[in-house]
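Notes for the one structure printed next.
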Amino acid sequence: MTVHFPFDNSYAALPDGFFARVAPTPVTSPKLVKLNRRLATHLGLDPDWLESAEGVEILAGKRVPDGADPIAMAYAGHQFGHFVPQLGDGRAILLGEVIDADGVRRDIQLKGSGPTPFSRRGDGRAALGPVLREYIVSEAMAALGIPTTRSLAAVVTGENVVRETLLPGAVLTRVAASHIRVGTFQYFAARSDVAGVRRLADHVIARHYPDIAKAEHPYHALLDAVISRQAELVARWLLVGFIHGVMNTDNTSISGETIDYGPCAFMDAYDPATVFSSIDEMGRYAYGNQPRIALWNLTRFAECLLPLFSDDQEKAIAEAQSALGHFAQEFDTAYYAGLRKKLGLFTAREDDPDLANDLLKAMAENAADFTLTFRRLSDAALGPEGDAEVRKLFADPTAFDTWAAGWRQRLAEEPQDAAARQTAMRAVNPAFIPRNHRVEAIIEAAVNRNDYAPFEELLSVLSRPFEDQPAFGPYAEPPKPDERVLQTFCGT
Ligand code: AMP
Ligand code: MG
């Protein structure tokens, strides 16, 4: 058969030290679980062909498509604050890059496709549960409008993987603007390979930040740009209650996409200290810590760039510090602009952050559901008749009343009418997020009962997060006490 993937590979053209050439390891009897047909079309791929036996074999790593140049990328990273000089794609293989319908270069990567020279003691495989979690959560994030890697397909391999128990193996086909991470820069920096860092920086500028290629100091501009995108990204996470779970530098994308969905989860009741990941015992990556950690990761990125800034190390450090000093402001700007929208405020006033923080404080003290509070607040914007539905989310409903009085005063000073406000609020305050107990339930059904109907239904509901979808109302509800999921697992 002829070429079906219009590959145009740029990363594989970089010097040898950037990756290892390695083919996926064939599996016995792959079966398609899900193909993202819309995404396939957007990437210039024929969805019908991808669903054919030959297409599924490619998605399972059993067959390598024409034009692919399969590689495992080298990278390093700080894991929970500890530096590991060599991590790399231990269970992922980049098949190649395609240019999508918008002209954007996108990586097509198989995750769980067998060992690579970077596998260390791992088996190079992925279990079905984590693959379904990444599929659902990444696609939900995309529907929420948050920069993220995408999921093109999930297949089961027909083989088991050994974890605490035997589990069905699976492969996720992941699509990303690129898989270049802070840890990719660290890999070269740790080897004092300045030429490697420069080569990578030039590749990243051309690929993700073409506007700065002609800047007077492109590497400084690169640091600024990566800081801006991370500040914006983490603000977006906070505004939907997302907790990444493993914000290691190797899981921090240089393009500013959310990447590496492991033990990630969405918060139900608002509490900045929320942690789900079973491996995050110290709460390093708790919901409210994420901006601080992003800055920490960006500081590691800046360290890699120092030799490109100046031969004078002190000067280079001062320049990097100055750039990093803008993070807090950029984060605050993005975060409070987002909160303002969530509150239905069209104009900006100096004390708006206080108004928002007062609500968040009342929510935290009263275990109010994050998503539902803002969603129902959208209807309360029409008038106090809507208050009843919001106040019942608060352990002490009068805490909401007190806050709402100040909010209504502030709304009265806005020029827009109530209906316009409600519409605008409903467009930023989702009804549906991938609630953890729902995600666990679809995984349980698929893994234990081979039943994918719940997965399909949840995926469909989450593709329209801002619509009411009355038939699926229960999906908007927080877990009942006995449904609450307290921990999520990496599953590696
Ligand atoms: P993660 O926690 O998925 O971000 O992965 C951290 C590092 O461990 C990366 O270098 C992965 O490639 C590697 N890794 C995770 N799971 C496996 C596995 N099953 N086999 C080989 N390497 C793995
Ligand atoms: Mg990772």
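List of remarks:
- Filtered by the rule that a residue be assigned to a loop (DSSP other than H, G, I, E, B), more than 13 Å from ligand 2 (Cβ to nearest atom) and not aliphatic (A, V, I, L, M), the stretch 239-256 gives Gly241, Ser255, Gly256.
- Any hit, the stretch 205-216, residues being touching a residue at least 24 places away in the same chain (Cβ under 8 Å) and more than 16 Å from ligand 2 (Cβ to nearest atom): yes
- Scanning the stretch 453-478 for residues that are surrounded by 17 or more Cβ atoms within 10 Å (Cβ to Cβ) and part of a loop (DSSP other than H, G, I, E, B) yields Pro465, Phe466, Pro478.
- Residues in the stretch 95-104 that are under 20 Å from Ile205 (Cα atoms) and either crowded, with 18+ Cβ neighbours inside 10 Å or of a type in the set (Asp, Glu) (or both): 5 in all.
- Subset of the stretch 283-295 [buried (at least 19 other Cβ atoms within 10 Å of the Cβ), outside any loop (DSSP other than H, G, I, E, B) and among the small types (Gly, Ala, Ser)]: Ala294
- In the stretch 341-361, the residues that are within 14 Å of Ala269 (Cα to Cα) and surrounded by fewer than 22 Cβ atoms within 10 Å (Cβ to Cβ): Leu360, Lys361
- A count restricted to the stretch 259-282 and to residues that are assigned to a loop (DSSP other than H, G, I, E, B) and either modelled with pLDDT under 95 or within 16 Å of ligand 2 (Cβ to nearest atom) (or both) stands at 12.
- Condition check for Val246: more than 14 Å from ligand 1 (Cβ to nearest atom), among the hydrophobic types (A, V, I, L, M, F, W, C), in contact with a Pro (Cβ under 9 Å, 6 or more places away or on another chain) and under 21 Å from Phe185 (Cβ atoms): no
- Scanning the stretch 1-48 for residues that are over 17 Å from Val98 (Cβ atoms) and among the β-branched types (Val, Ile, Thr) returns Val22, Thr25, Val27, Thr28, Val33.
- Residue match in the stretch 159-175 (condition: among the basic types (Lys, Arg), crowded, with 22+ Cβ neighbours inside 10 Å and more than 19 Å from Gly55 (Cα to Cα)): no
- Search result, residues across the stretch 64-105 that are on the phi > 0 side of the Ramachandran plot, more than 16 Å from ligand 2 (Cβ to nearest atom), part of a loop (DSSP other than H, G, I, E, B) and touching a strand residue (DSSP E or B) at 6+ places or on another chain (Cβ under 8 Å): Gly67
- Scanning the stretch 107-128 for residues that are away from ligand 2 (no atom under 14 Å from the Cβ) and either open to solvent by 10 Å² or more (accessible area, probe 1.4 Å) or of a type in the set (Phe, Trp, Tyr) (or both) turns up Pro115, Pro117, Arg121, Asp123, Arg125.
- Within the stretch 47-63, if we keep just the residues that are in contact with a Ser or Thr (Cβ under 9 Å, 6 or more places away or on another chain) and outside any helix (DSSP H, G or I), the residue that is most open to solvent (accessible area, probe 1.4 Å) turns out to be Lys62.
- Filtered by the rule that a residue be open to solvent by 30 Å² or more (accessible area, probe 1.4 Å) and either outside any strand (DSSP E or B) or among the hydrophobic types (A, V, I, L, M, F, W, C) (or both), the stretch 31-45 gives Leu32, Arg37, Arg38, Thr41, His42, Gly44.
- Search result, residues across the stretch 66-91 that are near ligand 1 (Cβ under 9 Å from one of its atoms), open to solvent by 10 Å² or more (accessible area, probe 1.4 Å) and within 16 Å of Tyr11 (Cβ to Cβ): Tyr75
The values are calculated or read from the model by the stated rules, or taken from the named source; none is laboratory data. Values in this document were obtained by computation on a predicted structure and should not be read as measured data. Neighbour counts are summed over all protein chains in view; Cβ atoms, including those assigned to glycine, are modelled from backbone coordinates with ideal geometry. Surface areas here come from the heavy atoms of the whole protein model, side chains and all, with no ligands, DNA or RNA. Shrake-Rupley method; radii C 1.70, N 1.55, O 1.52, S 1.80 Å.
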